[in-house]
Amino acid sequence: RRGDSIVARQLAAIRLFRGECMKTTQTIFEDGGHKWTAIVRDPAKPEFLIDTNEYLVQHGGQGLLLDPGGSEIFPAVFSALSSEFDPSKIAGIFASHQDPDIVSSLALWLEFNPQMKCHVSWLWGSFIPHFGGKGDTFVPLPDEGAVIPLAGLQLQAVPAHYLHSSGNLHLYDRQARILFSGDVGAALFPAEKQGLFVEDFSSHIRFAEGFHRRWMGSNEAKRQWCERVSHLEIDMLCPQHGAIYQGADVQRFINWFDELHVGVLRS
Ligand code: FE
């Protein structure tokens with residue numbers, strides 16, 4: 001099949017350029033053909049690149065890739081993902097916002113499959129094409145959010161504007177009770193602390209504080225987000241950097257964030 005030969009070519013290219021791809025996949029939710037996979041933790045990643053988590057939502061044999069990452073880590077993500085799922089079945093990409101570590105790999109994914117759609121805030125609709133894609137690649141998401149269908153599953157884009165990007169959305173899966181929260185909940189921790197899930201909230205959150213204070217742009221937007229997501233049933237809050245909050249740590253995080261003063265440079 002055409003898809004197979006493209007995969008083989010991509011993987012050969014990866015081996016040629018990279019030597020080894022070290023991202024791993026971890027299933028975080030599974031219910032029949034409905035599945036969430038985290039693509040995480042690359043110890044071979046150079047120090048100067050921020051570590052990122054990518055997530056794949058599978059339903060009915062189709063996939064939606066959330067914040068696929070930078071072009072620099074595309075080979076590692078593509079290779080890890082391919083070991084888990086046929087990449088030609090990825091129907092689209094959800095980009096929480098416009099940053100390079102979020103979606104600068106877009107052109108490489110489109111080279112693999114030019115039909116792929118990119119769901120992103122309307123605000124970035126004419127900016128992200130600087131990374132790649134044509135007019136019909138983009139599905140603009142309105143400020144109030146929208147439903148993104150995936151083979152019968154209804155995923156909900158949830159507004160998170162100014163957290164940190166001015167056009168920023170998260171993705172909620174009501175059936176799996178998972179909220180993909182982009183940069184909200186992100187923690188930057190030392191290499192030796194590699195667990196995928198938050199184990200001890202109070203020691204973990206120290207690695208999140210500086211990031212949230214500096215990157216999150218608006219206390220008012222933060223207040224609204226905390227209110228909004230408090231109404232959702234969330235078993236796992238999955239950020240794009242750091243570790244996943246689960247169970248009681250989800251509300252613990254929301255409460256912590258609600259109290260944090262953000263958007264001001266400390267002298
Ligand atoms: Fe960002």
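The values are calculated or read from the model by the stated rules, or taken from the named source; none is laboratory data. The structure presented is a predicted model; accordingly, all values stated were derived computationally and were not measured. When we count neighbours, we look across all protein chains shown, and the Cβ atoms used for this are built from the backbone with ideal geometry, even at glycine.
Assorted remarks:
- Qualifying residue in segment 35-52 (condition: within 16 Å of the ligand (Cβ to nearest atom), touching a strand residue (DSSP E or B) at 6+ places or on another chain (Cβ under 6 Å) and assigned to a loop (DSSP other than H, G, I, E, B)): no
- Odd one out for Ile73, checked against (1) among the β-branched types (Val, Ile, Thr); (2) surrounded by 15 or more Cβ atoms within 10 Å (Cβ to Cβ); (3) modelled with pLDDT of 95 or more: (3)
- Qualifying positions in segment 186-224 - within 16 Å of the ligand (Cβ to nearest atom), among the hydrophobic types (A, V, I, L, M, F, W, C) and either assigned to a helix (DSSP H, G or I) or farther than 17 Å from Gln246 by Cβ (or both): Leu188, Ala208, Phe211, Trp215, Met216, Ala221
- Among the residues listed as Ala95, Ala107, the single one being out of contact with any Pro (no Cβ under 9 Å at 6 or more places or on another chain) and among the small types (Gly, Ala, Ser): Ala107
- Taking residues in segment 23-38 that are at negative phi and surrounded by fewer than 16 Cβ atoms within 10 Å (Cβ to Cβ), and partners anywhere that are outside any strand (DSSP E or B) and of a type in the set (S, T, N, Q), not one pair has Cβ atoms closer than 7 Å while being at least 6 places apart or on different chains.
- Looking only at segment 175-198, and only at residues there that are at pLDDT 95 or above and of a type in the set (D, E, K, R), the one that is surrounded by the fewest Cβ atoms within 10 Å (Cβ to Cβ): Arg177
- Residue-level analysis places Arg228 among those that are in a helix (DSSP H, G or I), at pLDDT 95 or above and touching a Pro at 6+ places or on another chain (Cβ under 8 Å).
- Qualifying residue in segment 243-260 (condition: within 15 Å of the ligand (Cβ to nearest atom) and not polar (S, T, N, Q)): no
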